[in-house]
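Asks: Provided herewith is a single structure, encoded as structure tokens, for subsequent inquiry.
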Amino acid sequence: MEGLPKPKMRYGHPEWCHNHCNKMAIEKLDLGNKCLIIAGSAASVRITRVATTVDEGWFVDWEVVQSQREKAGGRVIFSTSDLRVAFGLLTERPRHEFLEQQYGAQCAVQGTYIRWGNYLNIPCPGTGHDGDPNVSIELSEEIKDAVCRLTGL
């Protein structure tokens, strides 16, 4: 990652990444239905194939449960290439200099994801504290392998 702006680090990961990122794990991989769910105790990401006459790619839905009465979530669409880059399977990377300079990123797409090494936030950088409306994932080899299998790499 030489030559790229390094993010400010806290507890060994970028400060924009929540410290529970390492608690995210594969909950379900269904290759027949092209679905992957990555979850932790308070957050989840569901990746499903989009194949219509209008779009082709992947729905990435995320949800963060803040408390019994509050939650945040959303949906973005990833191309297959962006999904592979976001999860560290391809080395090519989109150039979003603002995100790179402001937050420190190896690759990022505005409003979709930001990644440094094995630390991924969907859909954007956060404060790294409770209350952020995004999901942080530390990319384990199991998660990378599941995305690889899901996308047919």
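Asks: Among the listed residues 61, 82, identify the single one that is of a type outside the set (A, V, I, L, M, F, W, C) and closer than 26 Å to residue 5 by Cβ.
Replies: The match here is 82.
Asks: Run residue 88 past the list (1) assigned to a helix (DSSP H, G or I); (2) under 18 Å from residue 5 (Cα atoms); (3) in contact with a Lys or Arg (Cβ under 8 Å, 6 or more places away or on another chain) and report the number of the one that doesn't hold.
Replies: All conditions pass for residue 88, except number (1).
Asks: Identify the residue in the range 13-26 that is closer than 26 Å to residue 97 by Cβ and part of a loop (DSSP other than H, G, I, E, B) and, among all such residues, is farthest from the chain's Cα centre (by Cα).
Replies: Taking the range 13-26 first, the residues closer than 26 Å to residue 97 by Cβ are 13-18, 21.
This time we only want the ones that are part of a loop (DSSP other than H, G, I, E, B), so: 15-18.
Working: 15: 15, 16: 12, 17: 10, 18: 12 Å.
Looking at residues that are closer than 26 Å to residue 97 by Cβ and part of a loop (DSSP other than H, G, I, E, B), I get 15.
Asks: Next up: Name the residue that is surrounded by the fewest Cβ atoms within 10 Å (Cβ to Cβ), counting only residues in the range 86-102 that are within 17 Å of residue 13 (Cα to Cα) and touching a helix residue (DSSP H, G or I) at 6+ places or on another chain (Cβ under 8 Å).
Replies: By that ranking, first place goes to 88.
Asks: Filter the range 82-117 down to the residues that are among the β-branched types (Val, Ile, Thr), farther than 16 Å from residue 136 by Cβ and under 13 Å from the mean Cα position of the chain (by Cα) and list them by number.
Replies: Of the residues in the range 82-117, the ones among the β-branched types (Val, Ile, Thr) are 85, 91, 109, 112, 114.
Those still in the list that are farther than 16 Å from residue 136 by Cβ too: 85, 91, 109.
Within the range 82-117, 85, 109 qualify.
Asks: Further question: Can you tell me which of 143, 137 is of a type in the set (A, V, I, L, M, F, W, C), closer than 19 Å to residue 75 by Cβ and not in a loop (DSSP other than H, G, I, E, B)?
Replies: Within the list 143, 137, the selection yields 137.
Asks: Of everything in the range 27-71 that's touching a residue at least 60 places away in the same chain (Cβ under 8 Å) and under 11 Å from residue 137 (Cα atoms), which residue is nearest to the chain's Cα centre (by Cα)?
Replies: By that ranking, first place goes to 45.
Asks: It is to be established whether one or more residues within the range 109-130 are surrounded by fewer than 17 Cβ atoms within 10 Å (Cβ to Cβ), touching a helix residue (DSSP H, G or I) at 6+ places or on another chain (Cβ under 9 Å) and under 17 Å from residue 35 (Cα atoms). Give the steps one after another, and end with the answer.
Replies: Keep residues of the range 109-130 that are surrounded by fewer than 17 Cβ atoms within 10 Å (Cβ to Cβ), which gives 110-111, 117, 127, 129-130.
Keeping just the survivors that are touching a helix residue (DSSP H, G or I) at 6+ places or on another chain (Cβ under 9 Å) gives 110.
The next check asks that each one be under 17 Å from residue 35 (Cα atoms); those that pass are none.
No, the conditions are met nowhere in the range 109-130.
Asks: Can you pull out every residue in the range 13-32 that is touching a helix residue (DSSP H, G or I) at 6+ places or on another chain (Cβ under 7 Å) and over 19 Å from residue 113 (Cβ atoms)?
Replies: Residues satisfying the conditions are 29, 31.
Asks: Taking the range 139-153 as the region of interest, how many residues are among the basic types (Lys, Arg) and either modelled with pLDDT under 95 or within 14 Å of the chain's Cα centre (by Cα) (or both)?
Replies: So the count comes out to 1.
Asks: In this structure, does residue 105 turn out to be surrounded by fewer than 21 Cβ atoms within 10 Å (Cβ to Cβ) and either assigned to a loop (DSSP other than H, G, I, E, B) or not β-branched (Val, Ile, Thr) (or both)?
Replies: In short, no.
The values are calculated or read from the model by the stated rules, or taken from the named source; none is laboratory data. Model, not experiment: these values are computed from the prediction. Note that each Cβ is placed from the backbone with ideal geometry, even for glycine, and that neighbours are counted across all protein chains shown.
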